[in-house]
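A.B. asks: Take this structure first; my questions come after.
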Amino acid sequence: MKFIATKELGRLVKWLRILGFDTEYFKEDNYSKLKISALRDQRVILTKNTRLSQPRGIKLVQIKSDLLNEQLRELFQELDIKPDKNLMFSRCTLCNIELEPVEKDKIKHKVPEFVFNTQQDFIVCPVCQRVYWAGTHWGNVSQVIKEIMLR
Ligand SMILES: [Zn+2]
C-alpha cells in the first residue's frame, strides 16, 4: 500500500517510510495536483485537512490525532493493515527511495568511528548517499512499534 500525505503530516511521513511504506510528502496547497498524483500512483491520501473531501476513485484517510503513535494506529485500523517487519528500515526517510547494501569499507569516512567499529551492516540511499545502520540511528523506532501493536 502506497501513501501520499499532505504538508501537516511531516512526522508521520518520516515514520511511514521507516516502517517501509512508499510515502510521498505533498507540501503544496494545490489539491487537484494532489489528487492527480494519488490517482496516477494509486496512493492513499492521508490528511489532517478537514476541508479536503473524499475524491472519487481515491481512498482518503482523515487523520485526527496530533500524536504520532495515535496517527499510526488510526491509519492502520482504518485500512486494516499492519507494518511488515521485513520491510522496516528499507527506505530513505528523506527521499522515500529503497536503501541499498553497501560494503563497509566504502562508507568508512561517512560514519562516526565508534559506529564504524561496532556495526557490521550498513545501507545507503542511492539518491542522497545518506548512510544508515541498525541501532541508535533509527532512534526509538522499536519502542513506538511496540506501543502501536500492543493496543
Ligand atoms: Zn535519501
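A.B. asks: If you count the DSSP beta bridges with both ends in the chain, what percent of them are antiparallel, to the nearest 5?
C.D. replies: Working: 7 of 18 bridges.
Once the DSSP bridges in the chain are tallied, antiparallel ones form about 40 percent.
A.B. asks: I've got another one for you. If each residue's Cβ is checked for other Cβ atoms within 10 Å, how do F114, F3, F26 rank with the fewest at the top?
C.D. replies: Details: F114 8, F3 26, F26 22.
Final ranking by Cβ density, sparse to dense: F114, F26, F3.
A.B. asks: If each residue of separation counts as 0.36 nm, what is the full-extension length gain between S142 and Q120 once their alpha-carbon separation is subtracted? Display every interim value, and only then the final one.
C.D. replies: Working: separation 22, 0.36 × 22 = 7.92 nm, distance 1.95 nm.
Value of the extension gain: 6.0 nm.
A.B. asks: Taking 0.36 nm per intervening residue step and subtracting the Cα-Cα distance, what contour gain separates C128 from Q62 on full extension? Don't skip to the answer; put the middle values down first.
C.D. replies: Numbers: separation 66, 0.36 × 66 = 23.76 nm, distance 3.11 nm.
Once the chain is fully extended between C128 and Q62, it gains 20.7 nm.
A.B. asks: Taking region 5-69, which trypsin sites (Lys or Arg not before Pro) meet the DSSP loop condition and have no more than 16 other C-beta atoms within 10 Å?
C.D. replies: Values: sites: K7, R11, K14, R17, K27, K33, K35, R40, R43, K48, R51, R56, K59, K64; in loops: K27, K48, R51, R56, K59, K64.
Here the sparse-neighbourhood loop sites are K27, R51, R56, K59, K64.
A.B. asks: Could you name the lysines whose alpha carbon sits less than 24 Å from that of K27, not counting residues in the same chain fewer than 8 places away?
C.D. replies: K27 reaches K2, K7, K14, K35, K48, K59, K64.
A.B. asks: In the chain, once you exclude exposed GluC sites (Glu not before Pro) (DSSP loop, at most 15 other Cβ within 10 angstrom), what's the longest stretch remaining? Don't skip to the answer; put the middle values down first.
C.D. replies: On the way: sites that count: E28, E103.
My reading of the result: 29-102 is the longest stretch.
A.B. asks: Same structure again: Averaging over every viewing direction, what projected area does the convex hull of the Cα atoms of the chain cover, in nm²? All intermediate terms of the calculation are to be shown ahead of the outcome.
C.D. replies: Values: hull surface 38.9 nm².
Averaged projected hull area, Cα only: 9.7 nm².
A.B. asks: Fewest first, what order do S32, S65 take by the number of other Cβ atoms within 10 Å?
C.D. replies: S32, S65
A.B. asks: When the C-alpha atoms of region 12-79 are aligned to their principal axes, what extent does each axis show, in angstrom, from largest down?
C.D. replies: Here the Cα extents, ordered largest to smallest, are 29, 24, 22 Å.
A.B. asks: Here's another thing I want to ask about it. Would you mind calculating the relative contact order of the chain from Cα pairs under 8 angstrom and at least 6 residues apart, reporting the percent as a whole number? Working shown, then result.
C.D. replies: On the way: 203 pairs, mean separation 31.3, N = 151.
Computed over the chain, the figure is 21 percent.
Read-outs: derived from the displayed coordinates by stated rules, not from any lab. Source: prediction; values computed, not measured. So basically every Cβ, Gly included, is an ideal-geometry build from the backbone, and we count neighbours across all protein chains shown.
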